[in-house]
Amino acid sequence: MTFRRLVRAHRNEKGLTLVELVMAMGVTAIILGGITATLWQVFNTNTRSVNHMTAVRQVQSAGYWVSQDALMAQSITTDNGTTSHLPMTLTWTDWDGVVHSVTYSFDNNRLKRTQGSGGDLIAHYIVPKSPTDLDGTICDFTSGKLVFTVKATVGSGATAGTEVRVYEVTPRTGG
């Protein structure tokens, strides 16, 4: 009996009212906005993470090579005329009396290691110290210790990944 009354009461209603339609569109817009914001955040976070890991690998590569050469070096010469003190030359004599010389220099934003006649790029995205970037890459050889601060920046803006590390190496003494 009650069911028949409901059917009769709603028999003349057809379709949605304008208020119901606007409310449905509003709820849909809020849900789609949340989904869009979440996806945007996921993509930006992923790009930032990849850029940061690339910067970490570049800093580690630069630190590894400079540390290894500095441990063997018997003399270290830096260019005090530049802000970053690079190029830097490390020299040592091995057991057989062969003299080795390695020079580190910048080639655009890449750190280059030159030994003998050939040169290898050991790290990309390296930022040299400059008047506009005071925490950039610099090497300092004072009081018998090489302090090598290296900075790498990959990407730009909100997705930029930056890593700065300081390596301290005490080279071997004399010949």
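Here are some notes:
- For chymotrypsin sites (Phe, Trp or Tyr not before Pro), the sites in region 75-175 that DSSP calls loop and that have at most 15 other Cβ atoms within 10 Å are W95.
- R0 of 35 Å, Cβ-Cβ distance T17-T47: FRET efficiency to nearest 0.05: 0.20
- With the helix formula -39500 (n - 2.57) applied to DSSP H stretches of n ≥ 4, the chain reaches a computed 222 nm mean residue ellipticity of -13500 deg cm²/dmol.
- Taking only alpha carbon atoms, the chain gives an Rg to Rh ratio of 1.52, where Rh is the Kirkwood radius.
- Point-to-point label distance, Q68-R110, nm (Cα→Cβ direction, 7 Å offset): 1.9 nm
- Chymotrypsin sites (Phe, Trp or Tyr not before Pro) within region 21-79: DSSP coil, no more than 12 neighbouring Cβ in 10 Å: none
- Those lysines that a straight Cα-Cα span of less than 27 Å connects to K151, excepting residues fewer than 8 apart in one chain: K112, K129
Laboratory data are not the source of any read-out in this text; all were calculated from the coordinates shown. Remember, it's a predicted structure, so these values are computed and weren't measured experimentally. Note that we place each Cβ from the backbone using ideal geometry, even for glycine, and neighbour counts take in every protein chain shown.
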